[in-house]
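Taking it in order: structure first as structure tokens, then the write-up.
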């Protein structure tokens with residue numbers, strides 16, 4: 001299966017209503033104001049975001065005058081091109097994360113987004129690309145999180161730094177970064193406890209991790225990656241907002257796009273926060289994390305070749 005086929009298969013559930021809705025709307029003879037209003041409502045319902053929808057609607061108003069597109073498939077291809085063009089500035093190569101050795105990464109996100117699984121998949125990706133890896137189990141809040149990360153470390157054969165459940169997460173982060181620096185490990189990925197803004201103690205612990213890492217090197221962490229669950233829709237925007245208050249986010253990974261999530265949320269996030277998308281998760285297997293590709297994402301979202 002080629003990469004486009006994987007994107008189409010992975011996004012098929014999240015894009016089903018969008019792609020069928022577009023075909024129904026643009027089966028009309030003319031792209032008039034009523035059709036454009038339906039187009040607008042459909043994209044808003046797909047979590048694309050009002051600002052982005054408004055921009056796309058303006059583009060299609062131009063097409064009505066300039067090109068008078070009548071073929072439904074051609075119209076959807078034009079929309080795919082526009083979405084791809086829009087997302088391209090936010091496409092960032094995963095391998096660009098490792099510009100120095102070691103590269104210290106903090107992986108953040110609320111509970112349930114698939115954060116620890118994403119770390120395991122990232123580890124597999126980087127190992128496949130000949131990078132040396134170490135994991136840091138700084139989610140000491142839950143014993144299950146340490147165990148899960150340890151399972152991944154065994155599965156893909158990488159070392160892990162851990163402490164007992166309930167121990168200081170900043171201490172684990174410090175040990176992991178120190179080990180990576182002393183042993184010239186390419187990438188250290190540090191798992192953190194799932195947290196929300198209403199859990200002040202956890203947010204304070206999160207802030208402490210960054211303060212401790214900067215004692216080793218003022219540039220640490222080199223990357224702060226936020227994992228978002230696409231099924232949470234507009235709530236994902238709130239998570240970006242809150243985590244950004246503690247530390248600047250350098251990249252996003254969007255998970256569960258193979259579920260009933262509305263894939264348009266990716267456009268809404270890019271529009272509001274101008275943050276790069278590093279990868280998308282579509283499936284549970286260790287290989288089911290895909291470097292973000294704007295063109296393939298747009299085609300997969302609209303189910304076209």
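Among the residues of the range 101-125, which ones are modelled with pLDDT of 90 or more and surrounded by fewer than 17 Cβ atoms within 10 Å (Cβ to Cβ)?
Across the range 101-125, the qualifying residue is only 101.
Report yes if some residue within the range 160-178 is surrounded by fewer than 21 Cβ atoms within 10 Å (Cβ to Cβ) and under 20 Å from residue 292 (Cα atoms); otherwise report no.
No; the residues of the range 160-178 include none that is surrounded by fewer than 21 Cβ atoms within 10 Å (Cβ to Cβ) and under 20 Å from residue 292 (Cα atoms).
Across the range 173-192, which residue is nearest to residue 134 (Cα to Cα) among those that are assigned to a helix (DSSP H, G or I) and either touching a helix residue (DSSP H, G or I) at 6+ places or on another chain (Cβ under 8 Å) or not assigned by TED's automatic domain parsing to the domain that holds residue 242 (or both)?
177
So residue 222 clears everything in (1) at pLDDT 95 or above; (2) buried (at least 21 other Cβ atoms within 10 Å of the Cβ) except one condition, right? Which one?
(2)
The values are calculated or read from the model by the stated rules, or taken from the named source; none is laboratory data. Please read all numbers here as calculations on a predicted model, not as lab measurements. Virtual Cβ from ideal backbone geometry, glycine too; neighbours counted across all protein chains shown.
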